[in-house]
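The values are calculated or read from the model by the stated rules, or taken from the named source; none is laboratory data. Just so you know, these numbers come straight off a predicted model, no measurement behind them. A quick note on method: Cβ atoms are made from the backbone with ideal geometry, for glycine too, and the neighbour counts reach across all protein chains shown.
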């Protein structure tokens, strides 16, 4: 299938299946098995994984164009496969052994194995070097102990990509290693799914590793001291997808705002004819286009062979701030009706707030951007 045909297929899937089932998703608090089956059948688990592992082998630009489409629907749908296509598979692709890649990537590409990324801890967020989870070597095994926090898809995970200290005596990242941990092993406990402000149906509980024993071949790349490079590989991929998600969510918000404004009559005319409302819509549309361009520019550079960390941070930062503004303007256009719970804009207003926090807060992105460009002057 040509990419344009696949893109149109995903557009139709979004319009005919994902969007109409958003209310049911919100009420149930989870993505139904039938929708998950359709997500898998539409190959969304395989968009970032090479063809030789059973994926679609799409370029980053193609992945982003797809993201613009399927994230016009609730971002919760995306969350169910996002940790697999980005954070886990990409780290595995670049740093795993041939055996590890042959074992996991075909399963991930076909939705038969969900990956969950376990880096963040109660005392280690943006400061990842402060992680406390340990992995002590014991013969042919490692014993993992520690608590991971905000672990998206933990209840559905088949494999965790776990970062732990293998040598606490080494300062910096060189004492940190990554492990591919089968979720069925003993010594793993999944905490209760916490209530969240938005994105109901996305699960990000704590995960407790208590004397969890893994064989030495679980060590990513079968090498200790890989540091945070595997994590950053997945994070940079995920950040660009988040930027694309913000664009998709903004497109939907703008459409919903216009539909409401065209049908809301005040002073004998639709409020869409009022300059003050038009100003809100034009600001949202202009900023969405700017975020779209930034994201596609970073995707283009990504496809040229070097991961453009600064451009990715810039796109993620601008797009996540943009979509929050768009959501706020959209709610403002609705007036009092926007403050009620039973509408799309109110739900998206809550859902989009997360994007300024995860995969690096806006403040972390600002820090990353500034440090990089200061060095280049």
Inset, instruction - Name, by its number, the condition in (1) surrounded by 24 or more Cβ atoms within 10 Å (Cβ to Cβ); (2) closer than 26 Å to residue 13 by Cα; (3) out of contact with any helix residue (DSSP H, G or I) (no Cβ under 8 Å at 6 or more places or on another chain) that does not hold for residue 135. - result: (2)
Legend entry - helices (runs of 4 or more DSSP H) contained in the range 273-377 and holding at least 2 residues assigned by TED's automatic domain parsing to the domain that holds residue 262 and closer than 20 Å to residue 69 by Cα: 275-303, 309-334, 344-351
Legend entry - Residue satisfying all of: in the range 115-124; in contact with a helix residue (DSSP H, G or I) (Cβ under 7 Å, 6 or more places away or on another chain) and either closer than 24 Å to residue 68 by Cβ or free of Cβ contacts under 8 Å to residues at least 40 places away in the same chain (or both); surrounded by the most Cβ atoms within 10 Å (Cβ to Cβ) among these: 115
Inset, instruction - Tally the residues that are farther than 14 Å from residue 63 by Cα and more than 11 Å from the chain's Cα centre (by Cα), restricting the search to the range 234-259. - result: 11
Inset, instruction - Answer yes if at least one residue in the range 198-209 is buried (at least 19 other Cβ atoms within 10 Å of the Cβ), without any contact (Cβ under 8 Å) to a residue 60 or more places away in the chain and not in a loop (DSSP other than H, G, I, E, B), and no otherwise. - result: no
Legend entry - Yes/no for residue 261 being closer than 27 Å to residue 326 by Cβ and touching a strand residue (DSSP E or B) at 6+ places or on another chain (Cβ under 7 Å): yes
Inset, instruction - Return a yes/no flag: does the range 226-245 have any residue that is part of a loop (DSSP other than H, G, I, E, B), modelled with pLDDT under 95 and surrounded by fewer than 20 Cβ atoms within 10 Å (Cβ to Cβ). - result: yes
Inset, instruction - Filter the range 134-173 for residues that are under 16 Å from residue 183 (Cβ atoms) and in a loop (DSSP other than H, G, I, E, B) and give the result. - result: 151, 152, 153, 157, 158
Legend entry - Of the criteria (1) surrounded by fewer than 17 Cβ atoms within 10 Å (Cβ to Cβ); (2) touching a strand residue (DSSP E or B) at 6+ places or on another chain (Cβ under 8 Å); (3) more than 24 Å from residue 150 (Cβ to Cβ), which one residue 255 fails: (2)
Legend entry - Which numbered condition residue 222 misses (of (1) crowded, with 24+ Cβ neighbours inside 10 Å; (2) under 22 Å from residue 178 (Cβ atoms)): (1)
